[in-house]
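Notes to accompany the following structure.
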Ligand SMILES: Cc1ncc(COP(=O)(O)O)c(C=O)c1O
């Protein structure tokens with residue numbers, strides 16, 4: 001095999017694989033075009049034809065050329081950045097940071113480790129409180145618990161699905177160490193209000209942008225607005241390498257600290273990337289959260305075409321939202337003015353009274369129509385209180401938290417709007433929005449015929 005220079009290899013590879021990735025996606029899309037749906041026909045759950053008999057657009061995508069690029073990263077033998085500074089991990093960090101307008105990027109091995117790193121760099125520890133949202137993947141909350149800090153769950157706005165800034169404000173105490181909004185589904189949280197609250201109380205904001213790559217808040221990319229922005233590149237994400245993550249930070253001292261924390265204090269991001277000397281003099285409680293060269297190569301290959309895919313998802317999702325708004329009882333997520341969602345998820349709620357049957361019945365009918373969907377997060381107030389109480393009742397946590405404090409935590413967890421979303425939401429997935437426009441028409445027609453037959457469906461399902 002020819003030896004390639006690292007830079008040349010990545011540049012050539014990134015461009016050609018990016019182009020092929022886009023065209024192979026089109027092939028998959030052709031295979032998964034839904035049939036035209038007559039909205040006056042019967043839904044499949046009542047014996048009609050399903051909308052699709054094909055599997056929905058698969059994710060992630062790979063092709064021969066991406067496979068080759070991956071193999072190249074194997075053959076260079078620069079697998080680990082610590083043993084070889086020529087690893088392509090720093091290339092990915094620079095490219096991702098540059099693309100999004102962040103000063104520093106630290107590539108890590110998961111979204112969970114990106115959040116742990118950011119919270120550690122802010123010295124979050126036992127006795128501290130971190131305010132976040134209950135309407136999230138539990139990793140967000142677990143990373144707070146990892147530091148033996150208390151997750152304080154603010155309620156959400158049921159129209160936008162996002163953490164409610166008013167509820168954040170109500171939960172601030174002298175122990176609040178960080179505010180951790182989640183851009184859930186890829187849509188932006190209300191960053192103007194959240195950043196203002198953080199500034200007024202002098203509390204750093206850490207963005208959980210694990211689902212929000214390339215989403216925006218006005219002219220800025222999500223993940224670049226807070227003190228830290230945290231990403232996941234796990235398999236389902238809009239840019240993925242199976243497992244992976246990244247941390248954005250504009251403050252050089254904090255970025256250096258986060259870098260050290262992710263790699264047992266070797267090196268600093270503002271200097272050379274990896275340095276073995278001085279480790280004992282630059283001590284933080286630290287980890288090995290390093291990304292491998294294989295992960296970085298796969299991510300590099302996707303960067304040139306991420307904007308095309310983001311644009312397609314956005315156009316299709318806005319189009320579908322318009323179609324759904326006309327259906328009684330269907331309420332697509334509202335995106336704040338000035339925000340652009342990454343559309344990792346397309347989320348909407350069903351109002352049972354207006355629609356004519358329950359959310360669960362609608363979900364069953366959508367699935368019978370062979371359209372991929374989920375009812376999403378299901379942890380309501382009672383479940384969250386039990387979870388937080390159990391995890392803070394372990395012997396080591398009891399050395400920090402008293403009965404009184406745990407009772408107070410339970411009483412402060414008042415999240416009725418989260419519970420409404422858990423009971424009434426349905427989600428579609430990002431890859432469905434890479435399909436042709438006709439698929440959006442079919443999805444809307446499916447929901448319309450389900451609504452027209454809502455009473456019969458409710459009856460059939462008992
Ligand atoms: C909102 C959110 N935060 C954090 C994470 C954790 O990321 P990872 O699974 O890469 O550790 C995820 C992953 O799905 C997520 O969706």
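The figures follow:
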item: Overall form of the range 39-170 per C-alpha gyration tensor (a/c, 1.5; a/b vs b/c); result: oblate
item: Residue order, fewest to most surrounding Cβ atoms within 10 angstrom, among 146, 224, 263, 394; result: 394, 146, 224, 263
item: Within the chain, percent of DSSP bridges classed antiparallel, to nearest 5; result: 65
item: Spin-label proximity, residue 49 to the range 425-450 - amide N less than 20 Å from point 7 Å beyond Cα toward beta carbon; result: 436-450
item: Potential lengthening between residue 138 and residue 71 on full extension [0.36 nm per residue; Cα-Cα distance subtracted]; result: 20.7 nm
item: Helix-only CD estimate at 222 nm, as mean residue ellipticity for the chain, using -39500 (n - 2.57) per DSSP H run (n ≥ 4); result: -13000 deg cm²/dmol
item: Shape call, the chain: gyration tensor on alpha carbons, a/c limit 1.5; result: oblate
item: Tensor-based shape of the range 120-184 (alpha-carbon gyration tensor, a/c under 1.5 rounded, otherwise prolate or oblate); result: oblate
item: Length released on extending from residue 94 to residue 398, taking residue separation times 0.36 nm less the Cα-Cα span; result: 105.2 nm
item: Rounded to 5, the percent of DSSP beta bridges in the range 66-199 classed as antiparallel; result: 10
item: Which of 159, 177 has the fewest Cβ neighbours within 10 Å, and the rest in rising order; result: 159, 177
item: Förster radius 22 Å - calculated FRET efficiency between residue 354 and residue 196 (Cβ-Cβ, nearest 0.05); result: 0.05
item: Additional length obtainable on full extension of the chain from residue 79 to residue 236, 0.36 nm per residue less Cα span; result: 54.1 nm
item: 331, 264, 201, 344 arranged by Cβ crowding within 10 Å, fewest neighbours leading; result: 201, 264, 331, 344
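Read the figures in this text as sums done on the coordinates, not as results from a lab. None of the values given here were measured: they were computed from a predicted structure. Note: ideal-geometry Cβ built from the backbone for every residue, glycine included; neighbour counts use all protein chains shown.
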